[in-house]
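Report on the structure given below.
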Protein chains: 6
Amino acid sequence: MLHTIFFLSSLLIISSHASVQDFCVGDLKAPEGPAGYSCKKPSLVTVDDFVFTGLRAAGNTSNIIKAAVSPAFAAQFPGVNGLGISVARLDLAPNGVIPMHTHPGASELLVVTQGSILAGFVSSANDVYLKKLKRGDVMLFPQGLLHFQINSAGVNSIAFVSFGSPSPGLQILDFALFANDLPSKLVEKTTFLDDATVKALKAVLGGTG
Amino acid sequence: MLHTIFFLSSLLIISSHASVQDFCVGDLKAPEGPAGYSCKKPSLVTVDDFVFTGLRAAGNTSNIIKAAVSPAFAAQFPGVNGLGISVARLDLAPNGVIPMHTHPGASELLVVTQGSILAGFVSSANDVYLKKLKRGDVMLFPQGLLHFQINSAGVNSIAFVSFGSPSPGLQILDFALFANDLPSKLVEKTTFLDDATVKALKAVLGGTG
Amino acid sequence: MLHTIFFLSSLLIISSHASVQDFCVGDLKAPEGPAGYSCKKPSLVTVDDFVFTGLRAAGNTSNIIKAAVSPAFAAQFPGVNGLGISVARLDLAPNGVIPMHTHPGASELLVVTQGSILAGFVSSANDVYLKKLKRGDVMLFPQGLLHFQINSAGVNSIAFVSFGSPSPGLQILDFALFANDLPSKLVEKTTFLDDATVKALKAVLGGTG
Amino acid sequence: MLHTIFFLSSLLIISSHASVQDFCVGDLKAPEGPAGYSCKKPSLVTVDDFVFTGLRAAGNTSNIIKAAVSPAFAAQFPGVNGLGISVARLDLAPNGVIPMHTHPGASELLVVTQGSILAGFVSSANDVYLKKLKRGDVMLFPQGLLHFQINSAGVNSIAFVSFGSPSPGLQILDFALFANDLPSKLVEKTTFLDDATVKALKAVLGGTG
Amino acid sequence: MLHTIFFLSSLLIISSHASVQDFCVGDLKAPEGPAGYSCKKPSLVTVDDFVFTGLRAAGNTSNIIKAAVSPAFAAQFPGVNGLGISVARLDLAPNGVIPMHTHPGASELLVVTQGSILAGFVSSANDVYLKKLKRGDVMLFPQGLLHFQINSAGVNSIAFVSFGSPSPGLQILDFALFANDLPSKLVEKTTFLDDATVKALKAVLGGTG
Amino acid sequence: MLHTIFFLSSLLIISSHASVQDFCVGDLKAPEGPAGYSCKKPSLVTVDDFVFTGLRAAGNTSNIIKAAVSPAFAAQFPGVNGLGISVARLDLAPNGVIPMHTHPGASELLVVTQGSILAGFVSSANDVYLKKLKRGDVMLFPQGLLHFQINSAGVNSIAFVSFGSPSPGLQILDFALFANDLPSKLVEKTTFLDDATVKALKAVLGGTG
C-alpha cells in the first residue's frame, strides 16, 4: 500500500489541476470574456452543474405564435460554457410557428420528438431548402441563415434543437425590424416595405419611431 | 423592372459564389482533409442533404448490451460536414447499457425523450458526476472523458445526443482493450488487470493475442 | 563560399516546404473543403495572386438601390483563401442604400473613404446601433446581425469593408424573402407580412410561389 | 395586444441574455485573458463603442520615416475585442516608408485610397512578392511574414490596412534589433551584421548594450 | 536625433499595448475562463515566466508503476497559457510503465532522449498502433485516444512529451475506474469486469463504493 | 457468442468510419487545403505513419552557423498533419548559432537535452527576454516573434523544439533580407542598413539585385 501512496502522490500534481481543463462551468457573476464566462471553482462544481431540468415541461404556447422556445444556453445552463454546444426545446401548438430568425453564432440541428414540423432555410444564394419533418427526423440549419419552423400536425409538436455554440444567439426578424426604435423611414428604405405595413407591425410588436 | 435587373446583376457575382460558404455538404468519395470531407457542388445540393431520416426507428437492441447507438455523423449525414455539430440516437431496452466510452473529439449533450437513464462521467481529477435523468432532462459530458449511460426504467428508454463536432469519434473502452490484437501482456501491464480476466474478455469480444 | 553552401543545404529541407504554409492561394477548380479551396502549387504562385485590382473603379450604381457592392472575397481574390480576411468596396450614389442584410460567417469593419454614410445594426437583444459616419470613420458590424448602409451625403459616397473571413457570405433580407420560390403563404406566416405586400415585393424582385 | 405580451415574455429569457454573445466590447480595466479583454456590460454599450473616429485625420509624418501608423486595434477601439478583425490607417508623405516589420498574430489586407504605394513581402521560402499599387488596389500580406510599404507617389499616399485579429501585434525589425538592450554581440552573432553597423543603428534608435 | 523621437512617438501607441497580445502569462490567482487563465500584467512579466526549470531532474520512480510524469502545463508553467502548447517529462525506471490513459484535450508527441520505450495507442476503429522506440525517435498519439508507454530498456529511460494545448488534461484509466467512489456495480455493468476484479483494484487504488 | 455478433454489428457503422476522424495522415501527393494535406486512406495507415526516426542522429553542423535544424513537420512527418503539433531537433556545435528567425504560424517550446544554450526573443514591445538554459530546461518563444539560440557550452548542445502547429514555418531574417532578389535599395530603405553592408551580406548569402 505504500507503493500506492507513492504512485498517487507522483501523479497528484497533474490530477489536482487538471479538472478545470475538462470543463469551465460558467460563473455568471464573474467577468465574461470573448470565449465565455469565467469558470466556477472546480471544487464547487457538482453533477447538478452538468444537468439541466428546465426542459422537462412544455413551454407556454398561449401566445400569438402558439409556440415557445426554451433555451439551455450558457446563460441558463452554465455547464455548457466553453464547450461549444447547447440545446433548446421547441413547443409548437397546432398552427404554431417559430418565426423567421437567425442564430448569428452557430449552426443548428433539429430533432422532431413529437408531431410533425415544416421547416425551411434560405441560403446566401437565395435558394430555399424546405421539408416536412416527421418524428425522429433531423434537419440542419447552417450558421447565420434565415430559417423557420411551423407545426404541420393537428396536435402539439415538440423538437429539440442543438447548437454548435454555448451561446448561439437568436435574432428574430420581426423583432429586429419592428420591436425597437429603429425609425420607420429607415426600415422602409432598407427593406422596401411600405409605411403602412411598417407602422402596423411596429404597433403590434411594440416598436416606436 | 429594368432597374431590378441592374440590381440583380450587380449583386449576382456575390450571391452565385456565396452558397458554398454557407455549407459544405460532404462528398464522401472526394479527398478528405483535416477539416472534413470535400464539398459537394452547391448546384447539386438539395434539401435532402440537410435532412436525415435514419433516426426515425429504434436501433436493434437485441444484443449483449441491450442497447443501440444510431449515429448521424458526417459519414452518415454529410450535411453536417464542416459545421461543427452532429447527433445520434440512443435506444436502451430494459437493463440496457451504453458501456464506458469516450468521444475523443467533442463534448456531448444528452436529452432523454423517453424513459429514464442513469448517466455518469469521470473527470481528469477522477471525480465522479452521476445522475438519474428523467424525460426532458439534459446532461453534459465534457470532451474526451470516460462516461456511460444505463437504462434506469423498466421500459425502453430513448435519448438524443448531440456533439460539438461533425465527427466526434467513439472509443468504447472494452473494445479498445479486448476486441483487437493488443497483446494480453500489454493490456495487463498497462491496466493492472489479471491474465484470466483479460483473456476471458478477449474471448467474449473477439480479441486475439 | 563553401560554408554558405553548407549553410544553405542544411536549411533547405525546411525552406523548400515551408512556403505553402505561409499561404494557400485558392485553386478555384480543385476540390473545396470546409476550410476553403485547395491550394495552388506554391511554385506557380506570383505576386499577382496577392494583388486585386478589381476595386479601382466604382461599381455600377445605375440600379434600383443606387448602390453597388464589389467583393474581393476568396472566389474573386483567391489569395485570401485560408487567411481569415477579405474586403469589398461599397459605392453609394446620392440616395443609395445597401439594404438590410447579414453576413452569416464574419464580422465587418467599414471605413468611409468618401462622402458620408448613415449605418446601423440591430443586436440579438433588438437594440439598435445607428450612426452617421464621416470620411475616415470606422464602424463595426458584429457577425451575423442585420445591418444596412445609406448614403447620407448629396454626392457619391465610398466605403471599404473588411471581413474576418475569406468568404463572409451575404444574405440580403429582401432577396431571401422575395426573390425565390419560397411560397408566399410561408413568408406571410413566418414574417407576419400581409399577402399583398409579399406578392408585390415578389413581383418586383422576381420571386415566384 | 395581450398576445403580443405573451409572445414577448416567452422569448424574453433568450433575448435578454443574447446581446453579450453578439459582441464583447473590451473593458480595458478588467482582467484580460488569452481570447481578449473582459466584456463591458451589455447594458452600458452604446453605438459609440462600435464607431472609431480616430482615423479621420492624417497621422503625423514629420519624422524620420516620413510616415505614420494609426491603429484601431482592440486597445484603441474596444468594440473589435473578440471579433477577429481590426484596422489601421497608414499615411506616407513623399519618400515615406513603413519599415520592414511583421504582425505576429494576423494576416493583413491593404487598400490604397490615395496616391501610390510600393509594397512587398518575403515568404518562408525567401521568395519576394513585390508590387506597385495604385489607388483602389488591394494587397495581401500573410500572417507573420516580413513586409514593408514605400510611398511611390510624389505626393502623400494613404492606405487602410485591415487585420484578421483584434490585436495583430507589430514587430518592427529595426526596433526589435536596435532599440532595446539586446547586447550588440548577440545582435551581431545572430544577424551577421558587423559591430560598427549594429552600434550605429543602436545609437540612432536608442538601443543600449 | 529629434527625428528619432518623432519616429518613436508616432509608433509608441502601437508598441505600448502590443506586448500583451504576444503572450498571456497566466495569473493563477485571477479569474480563469474557457480560453485559460487571466493574463499577468505585461509590465510584471520577466524572462523567468518563459523558462521552466522543473524538468531538470528525474521524477521519483520509487512507486508502483516505476515511473513518473513531471508536467510543465499552464498550471505549473504559466508562460504557456493561451499559446496552445505544453510539455512534460517522463521517467521510466526498469520495468516502469505509464499506464493506459488519455489526454482529453490534446494530441501528444513523444521524443525518447534516453533508453528505449515500447509505446502504443488504440484508435476509435480499435486498431492498435504499437512500436518500440529508440533514442531520438518521435511518436504521435492523436487527441483523446487510449495510449501507454513501457520502458523496454534494462536501464532508466527518459522521454519528453509535448502537447498541442497548454492544459492537455490526463485521465488515467485505472484511476478513473478504481480510485474514486464510482459504485462497483456501475463499474462492473459498464466495463464487464467481474466484482472480484473491481473490488481488488479499488482496494489497491483507494477507491470506495 | 451470438450476442457478441449483434453487439459488434450494432456498433460497426460507427467504428468503421471513426478512424479517419482520429487522425488525418497527410497524403503529400493529394490536394492540399488551408487546414493541411488531404488524408491518407485509414486502411493504408500503419504505425510507421506515427513514428519518425529521422531525428535519431545529429544534423550536419559543418557549416557557417555550426548548427543544424532537423524538422519533423507535416512535410517530413505526415502523421502530424491536422493535429496541431510538430517537433524539430537542434544541433549546435561549439560556437554554433541558430540565427535570428521567426515561425509565422506557431509558438515554440524548447527543451535542452545536452549541453547549454543561450536563447532569447524580442516582444512586439521590443522587450528582450534572454536566458542561459541548462540541460532539462524549457523555454517558450511566443508565435511570430524574433528569436535565436546560441550554444553556450564548450561542447555540442542538443535541443528538441516542439510547435503548436504541424507546419510552423520558418523565416530566417538574413535569408529573407539577403538571400533573394529583393533589390538592395529596398532592403536599405526598409532596414536603414547601408549599401555596403547589404551588398556584403547578399554576396555571402547568394542574394542578387
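The values are calculated or read from the model by the stated rules, or taken from the named source; none is laboratory data. In this text the structure is predicted, and so the values were computed from the model without any measurement. Here the Cβ is made from the backbone with ideal geometry for all residues, glycine too, and neighbour counts use every protein chain on show. Remember, those area values only see protein heavy atoms, side chains included, never the ligands or the DNA or RNA. Shrake-Rupley method; radii C 1.70, N 1.55, O 1.52, S 1.80 Å.
Please find, within segment C:58-69, the residue that is surrounded by the most Cβ atoms within 10 Å (Cβ to Cβ) out of those that are of a type in the set (A, V, I, L, M) and more than 7 Å from every other protein chain (Cβ to nearest Cβ). Once the filter is applied, the top-ranked residue is C:Ala67. What about A:Gly169, is it modelled with pLDDT under 95, in contact with an Asp or Glu (Cβ under 8 Å, 6 or more places away or on another chain) and crowded, with 23+ Cβ neighbours inside 10 Å? Yes. Screening D:Val204 on (1) modelled with pLDDT of 95 or more; (2) more than 20 Å from the chain's Cα centre (by Cα) shows it passes everything except condition (1). Filtering segment F:41-55 to residues that are more than 10 Å from E:Tyr129 (Cα to Cα), open to solvent by 60 Å² or more (accessible area, probe 1.4 Å) and not in a helix (DSSP H, G or I) leaves F:Lys41, F:Thr53. C:Ser162 satisfies every condition listed in (1) more than 12 Å from the chain's Cα centre (by Cα); (2) in the same structural domain as C:Gly120 (by TED's automatic domain parsing) except (1). Here segment E:184-205 is the region considered, the condition is being basic (Lys, Arg) and open to solvent by 60 Å² or more (accessible area, probe 1.4 Å), and the residue that is nearest to E:Asp174 (Cα to Cα) is E:Lys199.
Can you tell me which residues in segment D:104-113 are open to solvent by less than 10 Å² (accessible area, probe 1.4 Å) and either more than 7 Å from every other protein chain (Cβ to nearest Cβ) or more than 11 Å from the chain's Cα centre (by Cα) (or both)? Selection gives D:Ala106, D:Glu108, D:Leu110, D:Val111, D:Val112.
Selection within segment F:114-130: residues that are farther than 22 Å from F:Phe175 by Cα and among the β-branched types (Val, Ile, Thr). The member of this set that is least open to solvent (accessible area, probe 1.4 Å) is F:Ile117.
Of all residues in segment C:56-79, exactly one satisfies the criterion of being outside any loop (DSSP other than H, G, I, E, B) and β-branched (Val, Ile, Thr), namely C:Val69.
The number of residues in segment F:21-40 being within 13 Å of chain C (Cβ to nearest Cβ), in contact (Cβ under 8 Å) with a residue 24 or more places away in the chain and open to solvent by less than 30 Å² (accessible area, probe 1.4 Å) comes to 5. For A:Ala72, indicate whether it is out of contact with any helix residue (DSSP H, G or I) (no Cβ under 7 Å at 6 or more places or on another chain), surrounded by fewer than 23 Cβ atoms within 10 Å (Cβ to Cβ) and not polar (S, T, N, Q). No; evaluated as a whole, the condition is false for this residue. Evaluating F:Asp91 against the criteria (1) among the acidic types (Asp, Glu); (2) within 27 Å of B:Glu32 (Cα to Cα); (3) crowded, with 23+ Cβ neighbours inside 10 Å; (4) more than 14 Å from chain B (Cβ to nearest Cβ) leaves one unmet condition, (2). Where strands (runs of 3 or more DSSP E) sit wholly within segment B:134-209, those with at least 2 residues that are touching a residue at least 40 places away in the same chain (Cβ under 8 Å) and out of contact with any helix residue (DSSP H, G or I) (no Cβ under 8 Å at 6 or more places or on another chain) occupy B:147-151, B:157-163. D:Gly154 passes every criterion in (1) surrounded by fewer than 24 Cβ atoms within 10 Å (Cβ to Cβ); (2) at pLDDT below 95; (3) at the interface with another protein chain (Cβ under 7 Å from one of its Cβ atoms) apart from (3). When you check A:Ser162 against the structure, is it of a type in the set (Ser, Thr, Tyr), away from chain B (no Cβ under 14 Å) and open to solvent by less than 20 Å² (accessible area, probe 1.4 Å), yes or no? No; evaluated as a whole, the condition is false for this residue. Would you confirm whether or not segment B:116-131 contains a residue that is assigned to a helix (DSSP H, G or I) and either in contact (Cβ under 8 Å) with a residue 60 or more places away in the chain or more than 10 Å from chain E (Cβ to nearest Cβ) (or both)? So far as segment B:116-131 goes, no, none of its residues is assigned to a helix (DSSP H, G or I) and either in contact (Cβ under 8 Å) with a residue 60 or more places away in the chain or more than 10 Å from chain E (Cβ to nearest Cβ) (or both).
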